[in-house]
1. Check Val15: other-chain or 5+ apart residues with amide H under 5 Å from its amide H, H built from backbone geometry?
2. For the pair Thr137 and Thr61, what calculated FRET efficiency results from E = 1/(1 + (r/R0)^6), where r is the Cβ-Cβ distance and R0 = 25 Å, to the nearest 0.05?
3. In nm, to one decimal, how far is the Leu45 label point from the Ile81 one, both placed 7 Å along Cα→Cβ?
4. When the Karplus curve 6.51 cos²θ - 1.76 cosθ + 1.60 is applied with θ = phi - 60°, which whole-Hz ³J(HN,Hα) does each residue of the range 137-147 get, with x for Gly and Pro?
5. By a straight-distance test (C-alpha under 14 Å), which aspartates and glutamates pair with Lys87 as possible cross-link partners, with residues fewer than eight away in the same chain excluded?
6. If you average 1/r across every pair of different Cα atoms in the chain and take the reciprocal, what Kirkwood value do you get, in Å?
7. Taking springs between alpha-carbon atoms closer than 10 angstrom, which of Lys152, Lys113, Lys143 fluctuates most in the Gaussian network model of the chain?
8. If amide hydrogens are placed 1.01 Å from N in the peptide plane, which non-local residues have theirs closer than 5 Å to the one on Gly159?
Amino acid sequence: FGFVSDPDDEPLSGVTVTITGTDTGTEFSDSAETNEDGFYQFENLAAGDYTLTYEKEGYQTQEQEINVEENEPPQDLGTVIMEEVVKAKISGYVVDIEGDPIEKVRLKIKGIKTQYNDSESSDAEGFFEFPDLDANTYVITAKKKGFRNAKKTVKLKEGEEREIEIEMKKSTKRVIKASAR
């Protein structure tokens, strides 16, 4: 048995604790959920080596190896502290070649390793933001009528915050109006 808490020493309820191991030659697996005191327990375990996995949405998964001896008194595994997953973020500005902000630019973000997709529009200051990102490499595509598409690739580590600038050039397509005769 044991307890699970967050980095502030507050008990974490709803953590799924899974125990796996070999119970007299056969694969053994069981899981329990921590209660409001962060407490969990497993009973009637056969002697052997086990791996405990602690999982909760928004927290980094943790593992712990234990060994259970024959007729051993209950084992207090103490408190496992689970760290929160820190989300990464990309924010920035879309500007023209003079450095002036461009508003209402359609920005699409795509994760390379994961199938992450999202879109956003720049505001009056040309500002945009993609919060809650996982560590990954992202491709951001900027589109707006009258401008050439711009692309930027950003590699993020876990919890990293990056500010970028996307420069867009006016497209050179001239619109030729047919003169009415």
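The values are calculated or read from the model by the stated rules, or taken from the named source; none is laboratory data. Just so it is clear, the model here is predicted, and its values are computed rather than measured. Ideal geometry is used to build each Cβ from the backbone, glycine not excepted, and the neighbour counts take in all protein chains shown. Each accessible area value is taken on the protein alone, full model and side chains, heavy atoms only, with ligands, DNA and RNA left out. Shrake-Rupley method; radii C 1.70, N 1.55, O 1.52, S 1.80 Å.
1. Thr34
2. Values: r = 22 Å, r/R0 = 0.89.
The pair Thr61/Thr137 has a calculated efficiency of 0.65.
3. 2.3 nm
4. 3J(HN,Hα) across the range 137-147, in whole Hz: 9, 10, 10, 10, 10, 10, 10, 7, 4, x, 10.
5. The reachable aspartates and glutamates, counting only those whose Cα sits under 14 Å from Lys87, are Glu57, Glu129, Asp132, Asp134, Glu158, Glu160, Glu161.
6. Working: mean 1/r = 0.0488 Å⁻¹.
Roughly 20.5 Å, rounded to one decimal.
7. Lys113
8. Those lying under 5 Å, H to H, from Gly159 are Ala88, Ala135.
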